[in-house]
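In what follows, a structure is listed as structure tokens, so that the remarks can point back to it.
The values are calculated or read from the model by the stated rules, or taken from the named source; none is laboratory data. Since the structure is predicted, the reported quantities are computational estimates derived from the model, not experimental observations. Cβ atoms come from the backbone with ideal geometry, glycine included; neighbour counts cover every protein chain shown.
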Amino acid sequence: MSEDSLSVVEVDSSDYGLVKKVVELVEKTMGMWQAHYASTCFNQKICRSLAIASEKLLGVVLFYTAQLELDRSLGVIYYVVVREEYRGRGFGKVLVSSAEYLLEDAGVDLVVATARSENTPSRNLFNSLGYSEISLHAIEEIYGELLTKLTCGYEDDLVFFKNMRASLTEVLSVLSLESNLKKIEELWYTLCYRPWREMRSSRHMQQI
């Protein structure tokens with residue numbers, strides 16, 4: 001397959017066949033829980049997605065914007081997935097860079113992503129793109145918790161961030177505003193907590 005024939009395309013959330021392929025790729029590479037979160041993000045019209053495609057999907061990135069009060073907004077790189085046999089070719093870098101372009105065009109102040117500290121490929125990817133890396137434990141507790149809710153990054157202990165129009169400190173300073181707490185809670189419930197309960201309930205029913 002010639003890489004010259006590859007293209008980055010935005011996934012139309014109303015194209016259910018393509019969305020299904022994206023979710024299937026997430027499940028194949030990350031697992032059924034992450035696939036359910038990805039499906040929810042599409043169904044609730046929260047996530048946007050870009051894909052590298054040829055005859056099949058080779059890689060995808062899911063991302064979204066959290067609009068906050070005081071004219072602040074946060075771009076979240078939710079999932080970056082590349083088929084195992086196509087890793088190491090820079091596809092992840094192309095996907096994240098393309099998502100950044102769209103997020104910056106939408107006027108976000110800061111782009112963030114999360115990962116586990118032992119996830120060396122993700123750390124290398126974001127570091128190579130100029131992201132700063134910080135431990136969630138190094139962030140003041142209330143802000144760390146709010147960032148975790150905004151990103152649904154409960155399994156992760158690292159935050160990667162890139163300034164677009166404002167610094168991490170400037171964005172964190174508005175998270176605890178009462179109006180933003182409500183927005184964050186609503187996003188967390190829709191994107192993270194409710195699908196987690198759905199999966200937990202489904203697994204419980206299967207065991208009965």
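So that you can scan it fast, the table gives a plain yes or no per residue for (1) under 13 Å from residue 74 (Cα atoms); (2) modelled with pLDDT of 95 or more:
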position: 167; (1), (2): yes, no
position: 184; (1), (2): yes, yes
position: 192; (1), (2): no, yes
position: 205; (1), (2): no, no
Can you find, within the stretch 70-94, the residue that is nearest to residue 187 (Cα to Cα) among those that are exposed (fewer than 15 other Cβ atoms within 10 Å of the Cβ) and in contact (Cβ under 8 Å) with a residue 40 or more places away in the chain? 70
So if I check each of 7, 49, 97, 14, which one is polar (S, T, N, Q) and either in contact with a helix residue (DSSP H, G or I) (Cβ under 7 Å, 6 or more places away or on another chain) or surrounded by 18 or more Cβ atoms within 10 Å (Cβ to Cβ) (or both)? 49
Cβ contacts < 6 Å: first residue surrounded by 15 or more Cβ atoms within 10 Å (Cβ to Cβ), restricted to the stretch 100-129; second residue of a type in the set (Ser, Thr, Tyr) and not in a loop (DSSP other than H, G, I, E, B), any location; separation 6+ or different chain. Result? 108/65; 108/73; 109/73; 114/151; 115/122
Test: residue in the stretch 174-194 that is within 20 Å of residue 80 (Cβ to Cβ), surrounded by 13 or more Cβ atoms within 10 Å (Cβ to Cβ) and touching a Ser or Thr at 6+ places or on another chain (Cβ under 8 Å): yes
Mind counting the residues in the stretch 17-45 that are surrounded by fewer than 18 Cβ atoms within 10 Å (Cβ to Cβ), touching a residue at least 60 places away in the same chain (Cβ under 8 Å) and either outside any helix (DSSP H, G or I) or among the β-branched types (Val, Ile, Thr) (or both)? 1
